[in-house]
Amino acid sequence: MSYQTPRGTYDILPEEAGKWHDLERVIREKTKLYRYREIRTPYFEDTAVFKRENDSSDMVNKEMYTFTMGNDSLTLRPEGTAGVIRAFDQHKLYGSMEMPARLYYVGAMFRHERPQKGRQRQFTQFGVENIGAKTPEIDAETIALGYDIVKAMDISSVKVLINTLGDDASRAAYRNALKEYFAPYLDELCGDCHRRYEQNPLRILDCKVDHDKEFMKGAPRLSDYLNEESRAYFDQVLKCLDRLGIPYEIDEKLVRGLDYYTHTVFEVVSTRPDSGAQATVFGGGRYDNFVSYYGGPDMSGIGFAIGMERLIQLAEAEGHDFRENETADVYVIGLGQVGSEVLATVQQLRAAGFAAEANLVPRSLKAQFKSADRCGASSIVILGEDEVKNGTVNIKRSGEKEQQTVKREELVSLLKEWKGR
Ligand code: HAM
């Protein structure tokens with residue numbers, strides 16, 4: 001019997017893990033610069049945290065991993081925002097944190113989607129939420145953070161798509177216009193769109209099944225229903241992006257797959273022809289009514305989430321040099337009955353901050369040199385029975401023939417000197 005990972009999941013093998021560390025390093029550096037703080041919420045929540053009344057999104061209605069334990073209905077988190085806002089309200093962070101609160105998270109998300117390139121059932125998101133204030137400057141700053149991370153991974157074949165969904169009043173007017181428009185075509189809409197028609201007709205515009213039908217072309221445009229306030233807000237967001245030199249494209253069809261957005265929505269998509277159907281690297285937007293939904297005050301927030309698998313794939317395709325840092329600094333070779341001294345030496349080196357490796361199994365000199373070579377060690381320490389007796393070690397730099405004998409107590413300072421050069 002052999003076992004495989006479940007469909008839509010994957011293992012990160014050691015040779016891949018360095019890429020993740022590299023991206024995580026960039027994320028931590030950038031979030032620090034933007035003064036975001038990490039929040040870690042559970043991998044599952046009460047189902048009600050995700051399944052909000054009248055939510056029409058596919059994610060909530062079709063893709064959630066929901067299970068019952070005792071009397072509890074629980075759901076593996078399909079995204080990070082809901083849990084973060086739940087935590088923000090539960091712990092009254094609006095009272096204890098500097099506002100707006102700047103929170104970020106990194107972790108696995110679960111959606112029961114049809115797996116394909118760039119789409120898994122378990123995937124990893126890095127996301128941020130800026131909660132407690134609403135200005136176009138904050139919207140632009142949030143987009144800038146995501147864009148900065150993409151750039152730091154050497155990705156240039158991307159574009160920022162941006163749109164506004166307007167405030168509640170604008171959307172209500174638009175919603176009515178859409179209902180009126182689609183009413184005569186109801187019979188031609190797919191089953192899901194019937195549900196969307198009732199719950200959130202904006203979603204119909206996003207439908208993959210009905211997308212190409214002729215009548216879709218004549219659907220009313222949201223921009224015609226924006227009130228003055230919403231339009232001015234959006235114009236100022238664009239002005240800020242211009243000022244920051246972030247290129248964007250206004251995409252009036254961009255409504256995003258989740259239901260909670262108001263005002264600014266955005267996505268960063270790959271423009272590489274090989275990225276396939278799942279070209280969206282990250283997406284996000286503003287939400288006006290989410291914080292109060294979970295029992296908190298009436299506050300607005302904005303955030304985005306990056307699909308880390310997609311970002312790594314894209315960075316690779318764009319030739320990013322992953323700083324994997326997996327090589328050893330020193331390899332310790334033992335000859336004869338010196339096992340405990342080899343062990344003591346690698347421990348001494350580790351305590352001094354060197355990534356040190358030794359094969360603690362008796363092996364030939366040749367085999368040990370080969371291992372030293374394979375782990376990329378830049379220095380090699382050789383310990384034989386005579387050296388142990390004399391309190392010395394032999395040491396050489398890899399690639400060089402000559403070795404020198406030094407006192408055991410001088411080993412660390414010599415290696416530090418070599419490393420510093
Ligand atoms: P989302 O657009 O559903 O937004 O997901 C964000 C990103 O996660 C996508 O752009 C994509 O890169 C990645 N992603 C989503 N589903 C999958 C999948 N099945 N496999 C691989 N990658 C995937 C959100 O999740 C919102 N919570 C973003 C947000 C934060 N909005 C406001 N704050």
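The values are calculated or read from the model by the stated rules, or taken from the named source; none is laboratory data. This one's a predicted model, so the numbers in the text were calculated from it and none came from an experiment. Here Cβ is always computed from backbone atoms with ideal geometry, including for glycine, and neighbour counts include all displayed protein chains. For the accessible areas, the whole protein counts, side chains as well, though only heavy atoms, and no ligand, DNA or RNA atoms are used. Shrake-Rupley method; radii C 1.70, N 1.55, O 1.52, S 1.80 Å.
Structure notes:
- Candidate set from the range 256-288 (those that are hydrophobic (A, V, I, L, M, F, W, C), open to solvent by less than 30 Å² (accessible area, probe 1.4 Å) and in a loop (DSSP other than H, G, I, E, B)); member that is farthest from the ligand (Cβ to nearest atom): A279
- Taking the range 1-70 and the helices (runs of 4 or more DSSP H) fully enclosed by it, the elements with 3 or more residues that are over 16 Å from the mean Cα position of the chain (by Cα) and farther than 28 Å from L314 by Cα are at 47-50.
- Identity of the residue in the range 289-308, open to solvent by less than 20 Å² (accessible area, probe 1.4 Å) and not in a strand (DSSP E or B), that ends up modelled with the lowest pLDDT: F290
- A Cβ distance below 6 Å, combined with a sequence gap of six or more or placement on separate chains, defines the contacts here; from the range 115-130, residues that are farther than 23 Å from T66 by Cα reach residues that are modelled with pLDDT of 95 or more and among the polar types (S, T, N, Q) in the pairs N130/T142.
- Some residue of the range 68-80 being in contact (Cβ under 8 Å) with a residue 60 or more places away in the chain, surrounded by 15 or more Cβ atoms within 10 Å (Cβ to Cβ) and either within 16 Å of the ligand (Cβ to nearest atom) or among the charged types (D, E, K, R) (or both): yes
- For the range 103-133, the set of residues classified as away from the ligand (no atom under 11 Å from the Cβ), under 30 Å from G166 (Cβ atoms) and surrounded by fewer than 19 Cβ atoms within 10 Å (Cβ to Cβ) consists of A133 only.
- Residues that are open to solvent by less than 60 Å² (accessible area, probe 1.4 Å) and away from the ligand (no atom under 16 Å from the Cβ) within the range 244-255 comprise G245, I246, listed in sequence order.
- Residue within the range 40-57 that is surrounded by fewer than 19 Cβ atoms within 10 Å (Cβ to Cβ) and over 29 Å from T142 (Cα atoms) present: no
- Exactly one residue out of L360, L343, L411, L335 is surrounded by 20 or more Cβ atoms within 10 Å (Cβ to Cβ) and out of contact with any Cys (no Cβ under 8 Å at 6 or more places or on another chain), and it is L411.
- Taken together, L241, L226 contain a single residue that is open to solvent by 10 Å² or more (accessible area, probe 1.4 Å) and of a type in the set (A, V, I, L, M, F, W, C), which is L226.
- Counting only strands (runs of 3 or more DSSP E) that sit wholly inside the range 311-391, not one has at least 3 residues that are among the small types (G, A, S) and more than 32 Å from the chain's Cα centre (by Cα).
- The residues of the range 134-154 include none that are more than 14 Å from the ligand (Cβ to nearest atom), open to solvent by less than 10 Å² (accessible area, probe 1.4 Å) and within 20 Å of A317 (Cβ to Cβ).
- Pair list, Cβ < 6 Å and 6+ apart or interchain, from the range 285-313 residues that are within 28 Å of V269 (Cβ to Cβ) to residues that are more than 13 Å from the ligand (Cβ to nearest atom) and open to solvent by 10 Å² or more (accessible area, probe 1.4 Å): S300/K134; I312/K19
- Taken together, E129, E137 contain a single residue that is within 19 Å of I302 (Cα to Cα) and touching a Ser or Thr at 6+ places or on another chain (Cβ under 8 Å), which is E129.
- Sub-8 Å Cβ pairs linking a first residue in the range 164-181 that is closer than 23 Å to E267 by Cα to a second residue that is assigned to a loop (DSSP other than H, G, I, E, B) and open to solvent by 30 Å² or more (accessible area, probe 1.4 Å), at least 6 apart or interchain, are G166/N227; D167/N227; D168/N289; S170/N227, ordered by first then second residue.
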